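Working notes, structure below.
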Amino acid sequence: MKLQRVLQYAQSLLKDAVHEGDIAVDATAGNGHDTLFLAQLVGDDGYVYAFDVQKEAVDSTLHRLLDNALEHRAIVLKDGHENIGKYVTKQVAGAIFNLGYLPGSNHEIITKPNTTIAALESLLQLLKIGGVIVLVIYHGHEGGKEERDAIIRYVSSLPQKYVHVLRYEFLNQHNDPPFVIALEKVKDLPTK
Ligand code: SAH
């Protein structure tokens, strides 16, 4: 047997939660790999909302969709994921965040604790029962540990009656490897 690698595991969680006709969210489009993956899962009757604050990321995500002739299944928004509620009004089956900076791009443009948590709060409301939010936590960069710790504090405080929270992590790898946090909604949360 072979334990699933962290990125494989992240995608397998999405695959279990997102089906044809569903709405899915890529909260950090980056180079567009997960946007494409989600676009393949939702089929022609579903839809993907992808967010990124960097033009390069939006462009490379659009190109990846075009190269695969799936641009009709997704909208790539040049806006922060904290504004998700402005665009997404329907129930979401699955969402993914890849935190940190975009490799090969500006290392100063990183995801930040407050905006990541604001996006999580909105997504938890939008998520359908049985839906999943997957976070791939990169924490080796400057600012990464603060974001990691803030997210762990936030998700650990979510009542288990509403959300199941999982951490999937290899414990003996060097150089701060990324790990996964997954949230499964089991019951509608009280609205604030
Ligand atoms: N660290 C990962 C890649 C993360 S990419 C890896 O090594 O594979 C993270 C992306 O999030 C970047 O493209 C960045 O522009 C984007 N981002 C930063 N803040 C954001 C925000 N508030 N909303 C949406 N995207 C954001």
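The values are calculated or read from the model by the stated rules, or taken from the named source; none is laboratory data. All of these numbers come straight from a predicted model, not from anything done at the bench. Glycine gets a Cβ as well: all are built from the backbone with ideal geometry, and neighbour counts include every protein chain shown. The area values use the complete protein model at the heavy-atom level, side chains included, leaving out ligands, DNA and RNA. Shrake-Rupley method; radii C 1.70, N 1.55, O 1.52, S 1.80 Å.
Total lysine pairs in segment 1-90 at Cα distances under 30 Å, for residues eight or more apart or on different chains: 10. The mean sequence separation of alpha-carbon pairs under 8 Å and at least six residues apart, normalised by the residue count of the chain, gives a relative contact order of 20 percent. Projecting the Cα atoms of TYR47, ASN31, GLY131 onto the charge dipole of the chain (Cβ charges, centred on the Cα centre) puts GLY131 farthest toward the positive pole.
Would you please name the trypsin sites (Lys or Arg not before Pro) within segment 75-137 that are DSSP coil residues with at most 15 other C-beta atoms within 10 Å of their C-beta? Sparse-neighbourhood loop trypsin sites (Lys or Arg not before Pro): LYS78, LYS90. Relative to the Cα centre, the charge distribution of the chain, modelled as +1 at Lys and Arg Cβ and -1 at Asp and Glu Cβ, gives a dipole magnitude of about 580 debye. The H on the amide N of THR28, modeled in the peptide plane, is under 5 Å from the matching H of PHE51, ASN98, each at least 5 residues off or on a different chain. Among the GluC sites (Glu not before Pro) within segment 97-192, those in coil by DSSP and having at most 16 neighbouring Cβ atoms inside 10 Å are GLU108, GLU142, GLU169. Remark: segment 76-92, residue by residue, has Karplus-estimated 3J(HN,Hα) of 10, 9, 8, 7, x, 5, 5, 9, 3, x, 6, 10, 9, 10, 8, 5, 9 Hz, where x stands for each Gly or Pro and the curve is 6.51 cos²θ - 1.76 cosθ + 1.60 at θ = phi - 60°.
Remark on VAL132: its backbone amide H falls under 5 Å from those of GLY94, ALA95, a criterion applied only to residues 5 or more positions apart or on other chains, H modelled at 1.01 Å from N. Rounded, prolate or oblate for the chain? Axes are the square roots of the Cα gyration tensor eigenvalues, ordered a ≥ b ≥ c, and the cut-off for rounded is a/c under 1.5. It comes out rounded by the Cα gyration axes. The H on the amide N of LEU127, modeled in the peptide plane, is under 5 Å from the matching H of VAL92, each at least 5 residues off or on a different chain. Couplings 3J(HN,Hα) of segment 170-177, computed from phi: 7, 8, 10, 9, 7, 6, 6, x Hz, in residue order, whole Hz [Karplus 6.51 cos²θ - 1.76 cosθ + 1.60, θ = phi - 60°; x for Gly and Pro].
Taking the accessible area of segment 6-185, probe 1.4 Å, and keeping the other protein chains in place, the carbon and sulfur fraction comes to 49%.
Multiplying the residue separation of GLU71 and PHE170 by 0.36 nm and removing their Cα-Cα distance gives an extension gain of 32.1 nm. Accessible surface for the chain, divided over its residues, is 52 Å² per residue with a 1.4 Å probe.
Couplings 3J(HN,Hα) of segment 20-29, computed from phi: 4, x, 7, 9, 9, 10, 9, 6, 9, 4 Hz, in residue order, whole Hz [Karplus 6.51 cos²θ - 1.76 cosθ + 1.60, θ = phi - 60°; x for Gly and Pro].
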